[in-house]
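Since every read-out is calculated from the coordinates, none of them should be taken as a lab result. Values in this document were obtained by computation on a predicted structure and should not be read as measured data. No Cβ is skipped: glycine too gets one built from the backbone with ideal geometry, and neighbour counts run over all protein chains shown.
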Amino acid sequence: MKKNWPLWEVFVRSKNGLEHRHFGSLHAADAEMALENARDVYTRRNEGVSIWVVESKHITASNPENNGELFEPAQDKVYRHPTFYTLPDEVKHM
Amino acid sequence: MMKNENLIQYIYGIADNALILGQRLSELCGHGPSLETDIAITNMALDLLGQTRSYYQYVAQLSGEGKTEDDIAFLRTERQYKNVLLVEQPNRHFGYVITRQFLFDMFHLLLLQNLQNSKDEMLAAIAKKGIKEVSYHQRFSLDWMKRLGDGTPESHNKVQEAVNDLWKFTDELFHMTEDDRIAFEAGVGVDVASFKTLYLQKVSDILTEATLTVPEIKWFQKGGKQGIHSEHMGYLLADLQYMQRAYPDMKW
């Protein structure tokens, strides 16, 4: 194909109650075809119960070059994690 | 009165369509026009081969001669395959692949929807399971018919060419063989002739929506259901049967 179809990002919910997660990307001419392609490419081994697709160009991504200013300041702020509380024994799964 | 042999022949008339179309689609594995359509077509091939296995396992059990599903798939001669001519037609180009699929899917779904009410519990169960798979096949091929027909002038012409070429094989889908009639009268089989009008109406509607012309021809090709196949069938079987013919009883 000389001219590729646009790129789409695929999000799949693997079970009811769980959130949609990014599974990968694929090419398709429009949204309907993207859904069908996603079904064939990403859910053929029973991976999902729901699919979202969004054209990749609609996603605004952070620039890796800015990682220093964006993410490093959070590294030494352990007090932002709720790890300084004593949990009662009855509370599980925290 | 239906004998075992009538039932077996009746099942071949349904199962061989799935095997031969599955084989045709398998030829495209790794050759699809895009990664996505390649996987979609291979998925359909696997669905059809899965259905074939269910039917053939049942035939093996009915025939009671110690036969296996593999013997039935690989060791029959050309005349013993009872698939319709439509499904053995070669891939040529993507327009043919989609048109052949569309013309067959529209029939296949109607067939299974009727077969799920069969008095034969095994056939009813196989049909029920197949309906979901075939509904998706139809959704895929129908969608592509509209895309190609209502797409560019080139895609329109190519898919119209395929429709014109393959149309002569549609009438055979609704022919009733002697075994079909016996199975129908026993409450096991489906009267395919009963939904011919519905089929033609549905297919014509889709073709019109896809801006394609419904061919008007008076003469239709037939023979597959009697085991009299087109010149393409021998080559297809040579591919399909090569391993078992060259290395009898070989196992993976």
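Values computed for the structure shown
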quantity: Residues A:Trp52, B:Trp219, B:Trp252, A:Trp8, sorted so that the one with the fewest Cβ neighbours within 10 Å comes first; calculated: B:Trp252, B:Trp219, A:Trp52, A:Trp8
quantity: Ranked packing of B:113-119, B:242-248, B:160-166, most packed first, by mean Cβ within 10 Å; calculated: B:160-166, B:113-119, B:242-248
quantity: Å³ per residue enclosed by the Cα convex hull of the protein assembly as shown; calculated: 224 Å³
quantity: Label-to-label distance, nm, for residues given as B:Arg79 and B:Ser194 (7 Å Cα→Cβ offset); calculated: 3.3 nm
quantity: Relative contact order (%) - criterion: Cα under 8 Å, at least six apart; region: chain B; calculated: 25 percent
quantity: Additional length obtainable on full extension of the chain from B:Glu154 to B:Lys119, 0.36 nm per residue less Cα span; calculated: 7.8 nm
quantity: Label-point separation, B:Ile131 to B:Leu35 (7 Å along Cα→Cβ), nm; calculated: 3.6 nm
quantity: Most positive-pole-ward Cα, B:Met2, B:Val188, B:Gln113, against dipole of the protein assembly as shown from beta carbon charges; calculated: B:Met2
quantity: Ranked list, fewest to most other Cβ atoms within 10 Å of each Cβ, for B:His232, B:His108; calculated: B:His232, B:His108
quantity: Cα-centred dipole magnitude for region B:1-85, charges only on beta-carbon of K, R (+1) and D, E (-1), debye, nearest 20; calculated: 300 debye
quantity: Estimated FRET transfer efficiency (B:Gln244, B:Lys218; beta-carbon r; R0 56 Å; 0.05); calculated: 0.85
quantity: B:Tyr56, B:Tyr199 arranged by Cβ crowding within 10 Å, fewest neighbours leading; calculated: B:Tyr199, B:Tyr56
quantity: Cα convex hull volume per residue for region B:4-246 (Å³); calculated: 116 Å³
quantity: Given charges at beta-carbon only (K, R positive; D, E negative), |dipole| of region B:4-246 in Debye; calculated: 140 debye
quantity: Debye, to nearest 20: dipole size of the protein assembly as shown, +1 on Lys, Arg Cβ, -1 on Asp, Glu Cβ; calculated: 260 debye
quantity: Sorted peptide list for B:6-18, B:33-45, criterion being average Cβ within 10 angstrom, highest first; calculated: B:6-18, B:33-45
quantity: Estimated distance in nm for a label pair at A:Asn66 and B:Glu161, the labels positioned 7 Å out from Cα along Cα-to-Cβ; calculated: 5.2 nm
quantity: Positive-end extreme of charge dipole, the protein assembly as shown - chosen from A:Pro6, B:Leu240, A:Leu35 (charges on Cβ); calculated: B:Leu240
quantity: Residues B:Glu65 and A:Glu55, FRET efficiency given R0 of 56 Å [Cβ-Cβ distance, rounded to 0.05]; calculated: 0.45
quantity: More than 18 Å apart - percent of Cα-Cα pairs taken over chain A; calculated: 64 percent
quantity: Burial order of peptide ranges B:67-77, A:56-66 (average beta-carbon count within 10 Å, highest first); calculated: B:67-77, A:56-66
quantity: Euclidean distance of C-alpha centroids, region B:44-84 and region B:126-160, integer Å; calculated: 26 Å
quantity: Cβ neighbours within 10 Å from other chains - mean over A:22-29; calculated: 2
